[in-house]
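Working notes, beginning with the structure itself.
The values are calculated or read from the model by the stated rules, or taken from the named source; none is laboratory data. Just so it is clear, the model here is predicted, and its values are computed rather than measured. For neighbour counting, all protein chains shown are included, and Cβ atoms are generated from backbone atoms with ideal geometry for every residue, glycine included.
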Amino acid sequence: MDEHEFGKKGEAALEALRRRLLELGDEHGFEPHPDPAARQPGGGVTAMHRTPAGFLLFCLAVGCLALGSAAGPQLPRASEVVEPRAYVSLEPVPRGRAFEVAVAARIRPGFHINAHKVSLDYLIPTTLAAELPQGVRALDTVYPPGVPRTFQFSLEKLSVYEGSVTLRMKLRALPDAPLGAQKIALTLRYQPCNDVACLPPVSKPVTAEFEIAPAGTPARPANRAIFELPRPKGQSLR
């Protein structure tokens, strides 16, 4: 993400938070500060709403309060919120055959991660990337749809994954793929949040191991409990 894109996402996040804070003020009957300076151009609370720097400081203060009061010292590290494991659909994988790798991620209770297709452009999507070995080609990556949820920090419903989620990568072993044991280094990137606050985004590594066999070698389905789960509509493996 370059500096310009980061700035745009930051402005969008601040605007969403500003709207939420104003809504909360209306709900709880907050009034402007009685000090005359607050009603004069360039001074007090009114000026803070007009200036990005002042509003940013206000947002930071509110964020710190939310983290301190809601999360407390028990807030986990972002890398501890999701536990991913990798699975392969065939055993072995014959040359020339299509197969799948799945990453099943278990999400800590009380937390969620953004879906791959995010609801707001400043949110960080969940993604799965792979460093493929020689002789293996990527065909597609399939992300399930998120679940719409409402949280205190957003006016809109957000599309998220919670509980557990399985991401699938469709691959093919090429006719000249090296025979024998192979590994695929996968990276799951996500940002975990609870109902009131978000942790920093994190990239978590996970490895898929399998064996490539000569073309025509009988292959049996593996990890049926993972790969027999329904695929998103319109997705198939050829």
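Looking only at residues in the stretch 85-123 that are modelled with pLDDT of 95 or more and among the β-branched types (Val, Ile, Thr), the one that is surrounded by the fewest Cβ atoms within 10 Å (Cβ to Cβ) is ILE107. Looking for something out of contact with any strand residue (DSSP E or B) (no Cβ under 6 Å at 6 or more places or on another chain) and of a type in the set (A, V, I, L, M, F, W, C) - is there at least one such residue anywhere in the stretch 104-115? Among the residues of the stretch 104-115, not one is out of contact with any strand residue (DSSP E or B) (no Cβ under 6 Å at 6 or more places or on another chain) and of a type in the set (A, V, I, L, M, F, W, C), which makes the answer no. Residues in the stretch 212-232: is at least one closer than 29 Å to PHE153 by Cβ and not assigned by TED's automatic domain parsing to the domain that holds VAL136? Yes, the stretch 212-232 has at least one match. Residues that are in the same structural domain as GLN152 (by TED's automatic domain parsing), more than 29 Å from THR126 (Cα to Cα), assigned to a loop (DSSP other than H, G, I, E, B) and among the polar types (S, T, N, Q) do not occur anywhere in the stretch 189-198.
Residue-by-condition table, conditions (1) acidic (Asp, Glu); (2) within 16 Å of ARG85 (Cα to Cα); (3) in contact with a Lys or Arg (Cβ under 8 Å, 6 or more places away or on another chain); (4) at pLDDT 95 or above:
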| site | (1), (2), (3), (4) |
| --- | --- |
| ALA181 | no, no, no, yes |
| ALA213 | no, no, yes, yes |
| PRO218 | no, no, no, yes |
| ALA225 | no, yes, no, no |
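Residue by residue through the stretch 208-226, note down the ones that are among the β-branched types (Val, Ile, Thr) and farther than 19 Å from ALA177 by Cα. Within the stretch 208-226, just ILE226 meets the criteria.
Each residue in the stretch 147-173 was checked for being in a loop (DSSP other than H, G, I, E, B), touching a His at 6+ places or on another chain (Cβ under 9 Å) and among the hydroxyl-bearing types (Ser, Thr, Tyr), and 0 pass. Out of the stretch 150-178, which residues are surrounded by fewer than 16 Cβ atoms within 10 Å (Cβ to Cβ) and either at pLDDT below 95 or outside the structural domain of PRO205 (by TED's automatic domain parsing) (or both)? If the condition is that a residue be surrounded by fewer than 16 Cβ atoms within 10 Å (Cβ to Cβ) and either at pLDDT below 95 or outside the structural domain of PRO205 (by TED's automatic domain parsing) (or both), then THR150, GLN152, LEU155, GLU156, LYS157 are the ones that fit. Against the list (1) under 30 Å from GLU211 (Cα atoms); (2) outside any loop (DSSP other than H, G, I, E, B), the condition ASP176 fails is (2). Inspection of the stretch 124-146 identifies at least one residue that is among the acidic types (Asp, Glu), assigned to a strand (DSSP E or B) and modelled with pLDDT of 95 or more.
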